[in-house]
1. Counting just the residues of region B:391-403 that are within 10 Å of chain A (Cβ to nearest Cβ) and closer than 20 Å to residue A:189 by Cα, which one comes out surrounded by the most Cβ atoms within 10 Å (Cβ to Cβ)?
2. Could you tell me which residue of region B:366-390 is surrounded by the fewest Cβ atoms within 10 Å (Cβ to Cβ), considering only residues that are facing chain A (nearest Cβ under 9 Å) and assigned to a helix (DSSP H, G or I)?
3. Mind listing just one residue for me: the one in region B:404-424 that is out of contact with any Leu (no Cβ under 9 Å at 6 or more places or on another chain) and within 7 Å of chain A (Cβ to nearest Cβ) and, of those, surrounded by the fewest Cβ atoms within 10 Å (Cβ to Cβ)?
4. Could you identify the single residue in B:71, B:87 that is assigned to a helix (DSSP H, G or I), touching a helix residue (DSSP H, G or I) at 6+ places or on another chain (Cβ under 6 Å) and aliphatic (A, V, I, L, M)?
5. Quick check on my filter: what residues within region B:399-439 are free of Cβ contacts under 8 Å to residues at least 12 places away in the same chain, closer than 23 Å to residue B:261 by Cβ and among the charged types (D, E, K, R)?
6. Can you pull out the residues in region B:186-220 that are surrounded by fewer than 16 Cβ atoms within 10 Å (Cβ to Cβ) and among the hydroxyl-bearing types (Ser, Thr, Tyr)?
7. State yes or no: is residue A:186 under 25 Å from residue A:125 (Cα atoms) and at the interface with chain B (Cβ under 8 Å from one of its Cβ atoms)?
8. Looking only at region A:210-263, which residues are within 17 Å of residue A:156 (Cβ to Cβ) and free of Cβ contacts under 8 Å to residues at least 60 places away in the same chain?
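The values are calculated or read from the model by the stated rules, or taken from the named source; none is laboratory data. Computed from a prediction, not measured in an experiment: that's the story for all the values here. Glycine also receives a Cβ, built like all others from the backbone with ideal geometry; neighbour counts cover every protein chain displayed.
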Amino acid sequence: MSEPIKVPTMAEYMAQGKQPEVLFWVGCAGSFDDRAKKITKAFVKLLHNAKVDFAVLGTEESCTGDPAKRAGNEFLFQMQAMGNIEVLNAYEVKKIVTACPHCFNTIKNEYPELGGSYEVIHHTQFLKDLLVEGRLRVEGGKFKGKRITFHDPCYLGRANGEYEAPRELLEKLEVELVEMRRCKSRGLCCGAGGAQMFKEAEPGDKEVNIERTEEAIETQPDIIAAGCPFCNTMLTDGVKGKEKEGDIQVLDVAEMIANAEDL
Amino acid sequence: MQYIPNILFLIALIAGIGYFTKNIRKLIRNIKLGQEVDASNHKAERWSNVVRIALGQSKMVVRPVAGLLHIIVYVGFIVINIEVLEIIIDGLFGTHRIFSGMGVVYDYLIATFEILALLVLVGVIFFWTRRNIQKIRRFWAREMKGWPKNDANYILYFEMVLMVLFLTMNAADLQLQRIGADHYTQAGMFPVSQYIVPLLEGFSESTLILIERTAWWLHILGILVFLNYLYFSKHLHIILAFPNVYFGKVVPKGKFKNLESVTNEVKLMMDPNADPFAAPAEGTEAPAKFGASDVMDLNQIQLLNAYTCTECGRCTSECPANLTGKKLSPRKIMMDTRDRLEEVGKNIKANGEFKPDGKQLLDDYILREELWACTTCNACVEACPVSIDPLSIIMDMRQYLVMEQSAAPQELNVAMTNIENNGAPWPYNQMDRLNWKNE
């Protein structure tokens with residue numbers, strides 16, 4: 001496909017005796033899921049564009065343990081956490097950015113008590129900071145005037161109180177931001193959290209992602225913006241389920257910024 | 001003979017407050033059946049939460065109609081209770097309107113009580129209509145059948161009757177003042193009950209006294225009965241909301257607690273210097289149990305949560321699982337916890353200590369199907385106006401299912417095995433984690 005992008009690892013940095021400005025925690029979805037990999041690449045393009053000195057753990061990264069913990073397997077969670085903390089501490093990592101709100105929440109909130117204290121930020125917060133510092137320029141480009149609705153990821157929004165960073169980025173794209181009936185602190189889950197992503201739903205009369213997608217469709221958007229690879233999958237499936245994939249795209253905020261400039 | 005009313009009043013007061021105290025002690029004992037939990041941190045934030053969320057009702061107004069009605073009833077309840085103080089003094093000492101010496105201040109006080117009483121009456125009628133005529137969905141969910149539905153209505157009827165008695169008492173008093181009856185001091189301003197007075201015109205003094213005394217006695221006895229009804233009702237929230245908000249979660253909602261007993265074991269496993277055959281150190285004992293299958297495994301804050309829940313159903317009406325027809329209802333989690341805790345309390349009372357009754361919170365009250373439907377999205381926690389955390393109970397029970405019983409749904413076992421072996425919930429090799437950069 002396209003030419004390989006330059007993605008330095010922490011091991012390479014260490015070999016050169018250097019420390020990157022920030023560690024990009026890619027996460028399992030960002031590493032393996034075909035849809036989420038596009039988000040990862042878009043974010044990396046933005047990092048390059050803003051001349052951010054970053055590195056990834058690569059093959060030394062492992063699941064944060066979020067799905068295990070939320071499924072009730074505290075033992076497996078802590079095994080994962082301690083393994084990761086050992087690696088992160090060995091590299092003397094100070095600052096971590098991730099495009100997955102689940103990784104973000106777990107490392108930020110649940111690792112410190114286990115010996116892993118870092119400054120952890122979500123990629124939308126990081127991009128907003130780059131914008132404020134003038135390192136990243138965001139302009140409308142091809143999204144100017146488009147109707148966009150933003151789906152709040154539970155683990156970014158309610159769980160950690162960040163509702164504005166993704167919206168500020170979208171506003172910079174000069175889009176027409178429309179809110180769903182249930183948004184921000186009352187935003188409806190996409191249905192993937194709490195390890196639901198990895199199992200069939202319990203019997204009911206509807207899938208959660210369909211309920212949420214219908215609500216998003218009510219706002220008649222051109223694009224549903226997301227900030228989480230799992231929400232992205234759930235909403236993409238929902239849009240397909242409603243046979244609207246010809247009219248509505250589901251995109252991560254980072255992809256939108258990268259695509260706006262055709263990076 | 002003339003002291004008989006005073007003595008009867010004293011007896012009623014002692015009986016009312018005494019029985020209430022007894023039940024509160026029972027409640028505290030039941031809560032103490034839970035695991036101890038340290039909540040000595042974040043004091044400033046906790047007090048600020050009490051002021052904002054409990055006293056200030058900040059979360060109630062997220063839903064403006066119900067919020068406004070609730071604030072009216074809440075303010076009315078608190079302010080009108082000043083009048084109860086006067087009633088108690090009058091009752092004990094045979095005085096009449098003892099505070100009337102305050103003059104103009106008293107006039108405005110009584111006027112305020114009257115206006116609030118009317119507003120409470122209107123508010124309560126609105127509440128009743130929302131439940132019984134408008135049939136708002138959250139009041140008609142599965143778990144609301146029978147007692148919970150009746151309980152809610154009984155509370156509303158109680159409040160209606162108390163307010164009507166209060167206004168009737170004032171109306172009769174006003175008319176007695178107007179005809180210059182002995183003992184009925186000229187005092188107070190009656191902006192509401194003056195409109196009831198025309199109904200009483202033409203009654204003799206003795207009939208008016210009978211009406212006034214009857215309303216007075218029924219009002220105060222009604223308050224004492226209502227006080228004692230609390231323990232058996234969802235209405236306990238009028239007291240427990242305050243401590244419950246104080247003990248509410250003060251860390252980010254996404255932060256779930258890490259089990260310390262597990263940390264110790266994992267650390268030991270990962271320590272290359274640890275001797276695998278060493279006997280456990282003195283004083284370290286294996287935890288009795290991971291997670292929760294019954295109320296005694298939950299912590300004291302979770303049990304306080306259960307008693308505080310007033311079954312408003314805001315949690316359930318925001319729950320993605322419930323909204324899409326799954327069995328999970330966060331409100332039911334709280335109601336089940338309280339019901340089981342009461343059952344355990346009765347068991348202890350009957351047997352001196354808890355005698356296994358072949359039942360537990362898991363399966364006999366809360367079904368696995370409910371627990372596994374949760375997306376851990378925190379919508380229920382966010383929605384609760386009194387800082388109840390149903391999600392923490394769901395998580396503790398999942399821990400029991402997975403760590404004690406290995407009873408996770410099959411697909412989750414697959415995902416967990418993948419995490420264990422490959423460091424990802426899918427069956428990809430950890431060595432392929434960076435392949436995306438070349439694709």
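1. For region B:391-403, the residue satisfying everything is B:398.
2. Start the filter on region B:366-390 by keeping residues that are facing chain A (nearest Cβ under 9 Å), which leaves B:369-379, B:381-383.
From the residues that got through so far, the ones that are assigned to a helix (DSSP H, G or I) too are B:369-372, B:379, B:381-383.
Details: B:369: 12, B:370: 22, B:371: 22, B:372: 27, B:379: 30, B:381: 22, B:382: 20, B:383: 23.
Selected residue: B:369.
3. In this case the residue turns out to be B:411.
4. B:87
5. Within region B:399-439, just B:420 meets the criteria.
6. Answer for region B:186-220, where residues must be surrounded by fewer than 16 Cβ atoms within 10 Å (Cβ to Cβ) and among the hydroxyl-bearing types (Ser, Thr, Tyr): B:195, B:204, B:206, B:207, B:214.
7. Yes.
8. Within region A:210-263, A:234, A:250, A:251 meet the criteria.
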